[in-house]
Amino acid sequence: GDIVLLAKPVTLTEGDRVTLTTDVPVATDGTSKPEKLLYAISLPPVHGQIEHINYPGVPISSYSQLDVVAQKVSDVHDNSHGAGKEALR
């Protein structure tokens with residue numbers, strides 16, 4: 001089926017951590033299996049990284065919709081100068 005993805009910008013300041021919820025990235029593919037719907041990070045955040053909360057400090061390159069629903073994924077700012085809106089892509 002068709003895949004629908006809605007993503008909103010995430011605003012972080014130096015040192016912030018934002019846990020992703022279904023208000024930020026949410027996708028549907030017509031099935032009820034969120035563990036099989038995967039996001040691949042093709043353009044990581046400029047001033048930080050995306051992490052699984054069970055492995056802080058380790059950047060990830062993909063995660064599932066189930067991870068988002070369970071609030072297991074964070075966008076973490078790296079304390080460098082510059083803050084802004086980061087769109088997950």
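Throughout, read-outs are computed from the coordinates displayed, never taken from laboratory work. Everything numeric here is computed off the predicted structure, so don't read it as measured data.
Amide H contacts of Leu12 (H built 1.01 Å from N, in plane; Pro and chain starts excluded): Gly84, Glu86 sit under 5 Å, all sequence-distant by 5 or more or on other chains. Here the extension length gained between Ser42 and Thr21 equals 5.6 nm, from 0.36 nm per residue of separation less the Cα-Cα distance.
Plainly put, region 36-77 has a radius of gyration that is 0.94 times its Kirkwood radius, both from alpha-carbon atoms, as the Rg/Rh ratio.
Amide H contacts for Leu20 (H built 1.01 Å from N in the peptide plane; partners 5 or more residues away or on another chain; cut-off under 5 Å): Val73, Ser74, Asp75.
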